[in-house]
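In what follows, a single structure is set out as structure tokens and then discussed.
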Amino acid sequence: MESWLDAVYDAEGMGEADRWAIEEANIPSLELMEAAGRGLARVAAEMAGTGPVTVVCGRGNNGGDGLVAARHLADSGFDVGVITFSGREGLSPDSQANLDRLPEGLVEVAGDSFGPDSLCGVVIDAMLGTGFEGEPRGPISGAIESINASGLSVLACDVPSGVNASTGEAAGLVVDADRTVTFHQRKLGHLISPGKQLCGPVEVVPIGIPQGAPSPRAGGAIKSTVLDLLPRREGDSNKFTSGRVSIVGGSRGLTGAVCLAAEAAVRAGAGYATAAVPGALEEIFEIKLTEVMTRSFGTGDSLGPGLVPEIIGHLEGAASVVLGSGIGRLDGVRELVAGLAAGIQASLVIDADALSATGTGLGPISSRRGATVLTPHDGEAGRLLGCDSSAVAAHRLATARQLATEAQAVVILKGDDSIVTDGERVAVNTLPAPALATAGTGDVLAGVVGAFLGRGLDAFDAASAAVFAHAVAGGIAAVNVGNRDGVIATDVIQALPQAMIPPAGG
């Protein structure tokens, strides 16, 4: 696992850690459950104040954590009610032990269903844990409906019921929690949409699993130390050693995208940038771009497939290429993108209209020998894989991994939870970045990735560092502008140098 990732578990990895603690470190499972429930009770007490708490418990050990929490809350003087879906015989052994420790009169066996009026105060959702996959059914689905309809504050135990802890997916009904308490370490599903939004703030509670347990390896949240990867200009540096980034794109009405990507590349540390643009529009680029050299191709206002050999000749010597900014969707763009992807030897970022033009024809990309980074949003990823954007949104991690594998590329699946993956490794941006929800910021990100590739980072590192720096720049821009809703893409570009300062200030 990369040192700049805050590593997290999936369900399988967390299960291995639990088993190791019990079987190898000889920690009784009831002790782990006790610590989990105690931490859950502490957070529930914070939320409840002096009000009541209702604990809804499933049959497994997640429900056992809830039973422990109910006991601690009752011992502290809270008015506590417990709802279960079976009698003692239907519970896991550890849950049975903790049911026996509860004071008399707290437990109601709901049977098939209960309504919102059975709930009061803060609701602890302890129904389905990290091992859950699929769609909640039977009485659990009805309980989820009642919890969501109650309007009460909800605290999820480990993960909201219905959320897949390994992927963040929610296949059917799912609890919409206000807060989540998880144990030992975060899970990948806490970071990825829609699970990310359904969890609310996530607090990690230690439960006594000692050092030496199997380490998390599912992926991780990108930390600020990713910026330590960026090379720094030294006294003997020059524009050539800092890397040349070439932007290929532009068409009538879409000249701004090329400018944003090129300017972002320079601000992100590229030694210099060039723009390969349509001949009829070169004068526009000459006026708009001061620090970027332009080279025109053809005589029209868009680039066509007949220009591929000439453009590839121009790109010789480039450390990285950004393809697609403002390239348009006219006839011939698909052939242009395929020819350039196959012929460019440098590291390549494929963005925007180049992704849409590619469609499901990934052959020219997957057969490349150089590093490739794709930067799709949900809709573009869907077009690349032949599915619609709603399927991508529902299965973001699986989609990103599938696309990376099929394209033999690093994929940045953009969003509030931007996912970076090479098909195996997974890095997720967890920084909030609402200021980036504006036109042109995707072009900025592509330029930053191009700059980091041009400066010598490998594709996974460059993409992860770019996603993080881009999010930080969005936050800085919001402060500088004074209102995140007023941020525009050029504000983000201006913030990039500050955003790239590593945590040690170097």
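Values as computed for the structure displayed
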| item | result |
| --- | --- |
| Residue that is surrounded by the fewest Cβ atoms within 10 Å (Cβ to Cβ) [pool: residues in segment 178-189 that are of a type outside the set (Phe, Trp, Tyr) and either within 15 Å of residue 219 (Cβ to Cβ) or in contact with a helix residue (DSSP H, G or I) (Cβ under 6 Å, 6 or more places away or on another chain) (or both)] | 185 |
| Selection status of residue 48, in the same structural domain as residue 106 (by TED's automatic domain parsing), under 23 Å from residue 107 (Cα atoms) and more than 29 Å from the chain's Cα centre (by Cα) | yes |
| So residue 417, is it in contact with a Lys or Arg (Cβ under 9 Å, 6 or more places away or on another chain) and surrounded by fewer than 24 Cβ atoms within 10 Å (Cβ to Cβ) | yes |
| Strands (runs of 3 or more DSSP E) lying entirely in segment 201-314 (those with 3 or more residues that are small (Gly, Ala, Ser) and within 30 Å of residue 178 (Cα to Cα)) | 219-222 |
| Within segment 477-493, tally of residues that are surrounded by 18 or more Cβ atoms within 10 Å (Cβ to Cβ) and of a type in the set (D, E, K, R) | 2 |
| Strands (runs of 3 or more DSSP E) wholly inside segment 67-153 that include at least 1 residues being under 19 Å from residue 180 (Cα atoms) | 80-84, 122-126 |
| Qualifying position, being within 29 Å of residue 267 (Cβ to Cβ), touching a residue at least 24 places away in the same chain (Cβ under 8 Å) and touching a Pro at 6+ places or on another chain (Cβ under 8 Å), among 426, 448, 411 | 411 |
| Every pair of residues 6+ apart whose Cβ atoms lie under 7 Å, when the first sits in segment 266-289 and is at positive phi and in contact (Cβ under 8 Å) with a residue 12 or more places away in the chain while the second is surrounded by 23 or more Cβ atoms within 10 Å (Cβ to Cβ) and of a type in the set (Phe, Trp, Tyr) | none |
| Residue list for segment 18-33, restricted to those being more than 23 Å from residue 100 (Cα to Cα), surrounded by fewer than 16 Cβ atoms within 10 Å (Cβ to Cβ) and either in contact with a helix residue (DSSP H, G or I) (Cβ under 6 Å, 6 or more places away or on another chain) or charged (D, E, K, R) (or both) | 19, 23, 24 |
| In segment 390-413, the residues that are among the small types (Gly, Ala, Ser) and surrounded by 15 or more Cβ atoms within 10 Å (Cβ to Cβ) | 391, 393, 394, 400, 404, 407, 409 |
| Any hit, segment 42-64, residues being on the phi > 0 side of the Ramachandran plot and either of a type outside the set (Gly, Ala, Ser) or at pLDDT 95 or above (or both) | yes |
| Selection within segment 34-59 - buried (at least 23 other Cβ atoms within 10 Å of the Cβ) and among the aliphatic types (A, V, I, L, M) | 36, 40, 41, 44, 53, 55, 56 |
| Residues satisfying the stated conditions in segment 337-354, i.e. part of a helix (DSSP H, G or I) and surrounded by fewer than 24 Cβ atoms within 10 Å (Cβ to Cβ) | 338, 339, 342, 343, 353 |
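The rows are residues; the columns are (1) assigned by TED's automatic domain parsing to the domain that holds residue 162; (2) surrounded by 14 or more Cβ atoms within 10 Å (Cβ to Cβ); (3) touching a Leu at 6+ places or on another chain (Cβ under 6 Å).
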site: 200; (1), (2), (3): yes, yes, no
site: 206; (1), (2), (3): yes, no, no
site: 209; (1), (2), (3): yes, yes, no
site: 215; (1), (2), (3): yes, no, no
site: 249; (1), (2), (3): no, yes, no
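Table: residues versus (1) aliphatic (A, V, I, L, M); (2) farther than 19 Å from residue 18 by Cα; (3) more than 25 Å from the chain's Cα centre (by Cα).
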position	(1), (2), (3)
64	no, no, yes
70	yes, yes, yes
103	no, yes, yes
113	no, yes, yes
123	yes, yes, yes
153	no, yes, yes
158	no, no, no
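The values are calculated or read from the model by the stated rules, or taken from the named source; none is laboratory data. Here the structure is a predicted model, which is why all the values come from computation and not from measurement. Note that each Cβ is placed from the backbone with ideal geometry, even for glycine, and that neighbours are counted across all protein chains shown.
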